[in-house]
Amino acid sequence: MADTPILLREQQYHQIKAVLARLRMDSSAKVVFLVDKDGQEIASQGEVGNLDTTSLASLAAGNVAATGGMAQLIGEKEFPTLSHEGEKDSIHISVVGRLLLMVVFDERSSLGLVKLRSKQVSHQLAAMFDEIAAGNYDDLDSPFAGITDEDIDSLFS
Amino acid sequence: MTFINYASREINCKIVYYGPGLCGKTTNLQYIFDSTAPQARGKLISLATETDRTLFFDFMPLELGTVRGFKTRFHLYTVPGQVFYDASRKLILKGVDGVVFVADSQEERMDANIESLYNLQENLQTQGYDLLKIPYVLQLNKRDLGNIVTAEDLAAELQQKGEPVIEAVASTGQGVFDTLKAVAKQVLTELRKG
């Protein structure tokens, strides 16, 4: 069955941001992102600056999906981590359930440290998202519940 | 898959343009990119071969505006149309909220349209979706060419469930925004249903 929508409460969002901030500090990384496997950016922390985080999230998901497809062709379930090393900046991506934890780092850090710290917070993030997925959101007013046809049309005018 | 963030008050939805090779999926996105104000859209990412054939996907985020205080953002993707890229097409359909099928109106591409439509149904099913239930639009592209099948015949052959059928010439922009609007409207209406 297709995945259900992700609904993120304000408090949950800030909790996730706090975990990412700690990971960023502990791994001496430049930026840390949490992205869902469909390519939607959920949260980020760090020197985002002019970085096109939306495109980065989409490409990271494409990257993981493609290597995951390769993994299955050779009989593996998936490749749980991916690393790309550049001249100055590098990227490490780890798969955490339906999420991707992406860390961008430079010479101030190392792949070993990033891997270690990412693994340490993976369990925590997985538990947080299990809770989010199982949560009851009946109390949240859907922004679309009372939407009219005119509201929708106004987006295109 | 829709992502609603109550903290940043944003809603993100994913729309995929599907269809046979060279039907104009990338051209649709390129036209939207060229005609949208830079502040309303991100970069157009195109993972293409040296001959501009889509290798993996094209991607473009588009912000449509605010509904009830929530920023509404659509992530537009195309799939590679060529038959042998099926593994990539499957991956791109993951988490889709709405699909546009871009049909090539030329007579000689009729079989390719039918094959691609069948492939879409199959790949959606693999991802747990049913074409008959998800927001869906049929675009009849290349209406400016000489050797085309009539819109009625194309619709009779390709229309699945009474979805909107829009005639287009993606290279000049005709029908491009009407198509996007038709699919986006269905996605938002689905969200209203909850």
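For a quick check: with amide H placed at 1.01 Å from N, whose amide H comes under 5 Å from B:Y136's, ignoring anything fewer than 5 positions away on the same chain?
B:V99
If I build a Gaussian network model for chain A, linking alpha-carbon pairs within less than 10 angstrom, which residue out of A:I74, A:I147, A:I42 has the largest mean-square fluctuation?
Looking only at A:I74, A:I147, A:I42, the biggest GNM fluctuation is shown by A:I147.
With the crude spin-label approximation of a point 7 Å out along Cα→Cβ, what separation in nm comes out for B:E122 versus A:M25?
The answer from the label model is 5.3 nm.
Of the trypsin sites (Lys or Arg not before Pro) in the stretch A:43-135, which ones lie in a loop per DSSP and count no more than 13 other C-beta atoms within 10 Å?
When the trypsin sites (Lys or Arg not before Pro) of the stretch A:43-135 are filtered for loop state and at most 13 Cβ neighbours within 10 Å, A:K77, A:K88, A:R108 remain.
Test of understanding: in a Gaussian network model of chain B with alpha carbons linked when under 10 Å, which of B:S35, B:S105, B:S171 would top the mean-square fluctuation ranking?
Greatest mean-square fluctuation among the candidates belongs to B:S35.
Answer with one residue from A:G97, A:V114, A:N63: the one whose Cα lies farthest towards the positive end of the charge dipole of the stretch A:10-154, charges on Cβ with Lys, Arg +1 and Asp, Glu -1.
My answer, from the dipole projection, is A:V114.
If you average the sequence gap of Cα pairs under 8 Å that are 6 or more apart and divide by the length of chain A, what percent do you get for the contact order?
22 percent
Could you identify which residue out of B:Y136, B:Y17, B:Y118 has the top mean-square fluctuation in a GNM of chain B using Cα springs shorter than 10 Å?
Fluctuation is largest for B:Y118.
Once amide H atoms are built 1.01 Å from N in the peptide plane, which residues 5 or more positions from B:R41, or in another chain, come under 5 Å H to H?
HN-HN under 5 Å from B:R41: B:E63.
Out of the GluC sites (Glu not before Pro) in the stretch B:48-139, which ones are loop residues according to DSSP with at most 14 other C-beta atoms within 10 Å? Could you put the intermediate results ahead of the total?
Numbers: sites: B:E50, B:E63, B:E107, B:E108, B:E115, B:E122; in loops: B:E50.
Passing both the DSSP loop test and the Cβ count: B:E50.
Compute, for the stretch A:10-154, the length of the dipole vector about the Cα centre, with Cβ point charges of +1 (Lys, Arg) and -1 (Asp, Glu) only. Units Debye, rounded to 20.
Details: 12 positive and 23 negative charges, 228 e Å.
Rounded to the nearest 20 debye, it is 1100 debye.
Within 10 Å of each candidate Cβ there may be at most 11 other Cβ atoms; applying that plus a DSSP loop requirement, which GluC sites (Glu not before Pro) in the stretch A:80-150 survive?
In loop regions of the stretch A:80-150 (DSSP not H, G, I, E or B), the sparsely surrounded GluC sites (Glu not before Pro) are A:E87, A:E107.
Work out from phi, with θ = phi - 60° and the Karplus expression 6.51 cos²θ - 1.76 cosθ + 1.60, the ³J(HN,Hα) of each residue of the stretch A:8-21, listed in order in whole Hz, and give x for Gly and Pro.
10, 6, 4, 5, 5, 4, 5, 5, 5, 4, 5, 5, 5, 5
Testing the spin-label approximation: label points 7 Å from Cα along Cα→Cβ at B:L47 and B:E157. State their distance in nm.
3.1 nm
Give a residue-ordered list of calculated ³J(HN,Hα) values for the stretch A:126-131 (Karplus: 6.51 cos²θ - 1.76 cosθ + 1.60, θ = phi - 60°; whole Hz; x for Gly, Pro).
For the stretch A:126-131, the Karplus curve yields 4, 5, 4, 6, 4, 5 Hz.
Long-range amide H contacts for A:A43: which residues qualify at under 5 Å (H placed 1.01 Å from N, peptide plane, sequence gap of 5 or more or a different chain)?
Amide H neighbours of A:A43, under 5 Å, 5+ apart: A:L34.
Helix B:176-193 sits at what angle to the longest principal axis of chain B, using alpha carbons and giving 0 to 90 degrees rounded to 10?
Long axis of B:176-193 versus the principal axis of chain B: about 50 degrees.
Starting from the Cα of B:S171, step 7 Å toward the Cβ, then list every residue of the stretch B:53-73 with an amide N under 19 Å from that point.
It comes to B:53-54, nothing else.
Go ahead and collect, in residue order, the members of the stretch A:99-122 whose backbone nitrogen is under 18 Å from a label point 7 Å along the Cα-Cβ direction of A:V48.
The answer is A:100-105, whose backbone nitrogens lie closer than 18 Å to the label point.
Let me know the charge dipole size of the stretch A:6-54 about its Cα centre in debye, to the nearest 20, where only the beta-carbon of Lys, Arg (+1) and Asp, Glu (-1) is charged.
Dipole of the stretch A:6-54, to the nearest 20 debye: 200 debye.
Values in this text are rule-based calculations from the coordinates and carry no lab data. Not measured: the values here are computed from a predicted model. Every residue, glycine as well, gets a Cβ built from its backbone with ideal geometry; the counts of neighbours run over all protein chains shown.
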